[in-house]
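**Student:** Structure provided below as structure tokens; questions to follow.
The values are calculated or read from the model by the stated rules, or taken from the named source; none is laboratory data. It should be emphasised that the depicted structure is a prediction, and the values quoted were computed from it without experimental measurement. Heads up, the Cβs are rebuilt from the backbone with ideal geometry, glycines too, and the neighbour counts pull from every protein chain shown. Each accessible area value is taken on the protein alone, full model and side chains, heavy atoms only, with ligands, DNA and RNA left out. Shrake-Rupley method; radii C 1.70, N 1.55, O 1.52, S 1.80 Å.
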Amino acid sequence: MTDPDPKTHTDSKPAGGDRVLRAITDDGAFRVITVESSRTVRAAIEAQRPQGDLALLFADLITGSILVRETMSPDQRVQIILQAEDHTSRMVADSNPDVSPWTRGLVQLAPKASTFDLGAEARLQVARRLYNGSLHQGVVAVPASGGISGALMSYMQTSEQVVSMIAVGTYGQGDAMCAGGYIVQLLPDVGEGPLMVMTERLKDFASMTPLLEKRMAEPRALLSELLYGMPYTEVGESGHGFGCNCSEERILFGLSTLPRTDVQHLSEQGEVLEIACDYCRRQYKIAPAKLRGLLEQN
């Protein structure tokens, strides 16, 4: 998480429309969060252009980052990095709080790689800001079966010490793609009876695909299915969408870290420098005069 705090400047506004719903069962046994992320993942995929299974994996990572942030630190940034078997290819999901929370993503494949191999050496790293400003990080292996959902459950249990049942999923493609997921957390007051009932119930929801096929990604409908027959209370609802905090100021800040001779060379060429944001692909044009300004500042 090397970028400056995203709240210092948000130039690209999030494209909203997706929702997160939070609830607690009335017996105090479970906390449940459901999310629809269809619009968010469609916009992230449009920016990064992954194809086929790669796009579905990327979408699941985006949804997972929203769930982790909403669960562990809704007012703080969460970044999840998925590293492939080759140790070079990676995906990044970056979920940020704001007046309207937003999430962005990045796909980086190794040279000549056409697939993203989740072999034995694949790793999932989660980093989130704590309220005291420090950084909490955890790294887990990606299980042979279970994909992003399984890796997130492993992270929650080993790094956060929170027993959770998680499922994220994506179905369809293009404008028809829908995505969503849920997390069910065991609370301290959970008894053996409710735990057995929930364990059996969630066996029917281990995969999100059947629900997404029925277009049941809407958070309230998903919550109703998960907690059918269990009294519960909704405790919060919020929106989110795709967004990015890139800006010309950030581009100039990055250029200012280059060796002075490199900036001077770019300035002397007398051409407008065109730079695209890696996350949202927004194009920035930096005039030679602004490069000369960097030299004057230093």
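**Student:** If you take the residues of region 111-143 that are of a type in the set (A, V, I, L, M) and in contact with a helix residue (DSSP H, G or I) (Cβ under 9 Å, 6 or more places away or on another chain), which of them is most open to solvent (accessible area, probe 1.4 Å)? Quick ask: steps written out before the conclusion?
**Tutor:** Here is the first cut: in region 111-143, the residues of a type in the set (A, V, I, L, M) are 113, 118, 120, 122, 124, 126-127, 130, 135, 139-142.
Applying the additional criterion that residues be in contact with a helix residue (DSSP H, G or I) (Cβ under 9 Å, 6 or more places away or on another chain) yields 118, 122, 124, 126, 139-142.
Working: 118: 56, 122: 0, 124: 0, 126: 0, 139: 95, 140: 11, 141: 51, 142: 13 Å².
Within region 111-143, the match that is most open to solvent (accessible area, probe 1.4 Å) is 139.
**Student:** I'd like to know if region 156-173 contains one or more residues that are open to solvent by 50 Å² or more (accessible area, probe 1.4 Å), outside any helix (DSSP H, G or I) and closer than 23 Å to residue 81 by Cβ. Steps first, answer last, please.
**Tutor:** Looking only at region 156-173, we keep the residues that are open to solvent by 50 Å² or more (accessible area, probe 1.4 Å), and these are 157-158, 161, 163, 171, 173.
Pick out the ones that are also outside any helix (DSSP H, G or I) and you get 161, 163, 171, 173.
Then drop every residue that is not closer than 23 Å to residue 81 by Cβ, which leaves 161.
Yes, that holds for at least one residue.
**Student:** Tell me which residues, restricted to region 268-298, are touching a residue at least 60 places away in the same chain (Cβ under 8 Å) and of a type in the set (S, T, N, Q).
**Tutor:** none
**Student:** Considering only region 241-254, I want to know if a residue exists there that is surrounded by 14 or more Cβ atoms within 10 Å (Cβ to Cβ), aliphatic (A, V, I, L, M) and in a loop (DSSP other than H, G, I, E, B).
**Tutor:** The answer is no, given that none of the residues of region 241-254 is surrounded by 14 or more Cβ atoms within 10 Å (Cβ to Cβ), aliphatic (A, V, I, L, M) and in a loop (DSSP other than H, G, I, E, B).
**Student:** Among the residues of region 57-110, write down those that are of a type in the set (Val, Ile, Thr), in a loop (DSSP other than H, G, I, E, B) and open to solvent by less than 10 Å² (accessible area, probe 1.4 Å). Break it down stepwise before answering.
**Tutor:** Restricting attention to region 57-110, the residues satisfying the condition of being of a type in the set (Val, Ile, Thr) are 62-63, 66, 68, 71, 78, 80-81, 88, 92, 99, 103, 107.
Imposing the further condition that a residue be in a loop (DSSP other than H, G, I, E, B) reduces the set to 88, 99.
If the condition is that a residue be of a type in the set (Val, Ile, Thr), in a loop (DSSP other than H, G, I, E, B) and open to solvent by less than 10 Å² (accessible area, probe 1.4 Å), then no residue fits.
**Student:** Could you grab the pairs with beta carbons closer than 8 Å, sequence gap of 6+ or different chains, first residue in region 201-229 and part of a helix (DSSP H, G or I), second one of a type in the set (Lys, Arg)?
**Tutor:** Once the first residue is part of a helix (DSSP H, G or I) and sits in region 201-229, its partners that are of a type in the set (Lys, Arg) give 219/19; 226/201.
**Student:** Also, quick follow-up: Specify which of the listed residues (228, 279) is surrounded by fewer than 16 Cβ atoms within 10 Å (Cβ to Cβ) and touching a Lys or Arg at 6+ places or on another chain (Cβ under 9 Å).
**Tutor:** Numbers: 279 fails: surrounded by fewer than 16 Cβ atoms within 10 Å (Cβ to Cβ).
Sole residue among the options that is surrounded by fewer than 16 Cβ atoms within 10 Å (Cβ to Cβ) and touching a Lys or Arg at 6+ places or on another chain (Cβ under 9 Å): 228.
**Student:** Pairs, please: C-beta under 9 Å, at least 6 apart or cross-chain, first residue among the small types (Gly, Ala, Ser) and in region 93-111, second surrounded by fewer than 17 Cβ atoms within 10 Å (Cβ to Cβ) and assigned to a strand (DSSP E or B)?
**Tutor:** Listed pairs, sorted by first residue: 100/13; 100/16; 100/238; 100/239.
**Student:** Answer yes or no as to whether residue 168 is modelled with pLDDT under 95 and not acidic (Asp, Glu). So that I can check it myself, show each step before the final result.
**Tutor:** Values: modelled with pLDDT under 95: no; not acidic (Asp, Glu): yes.
Considered against the rule, which asks whether it is modelled with pLDDT under 95 and not acidic (Asp, Glu), residue 168 comes out as no.
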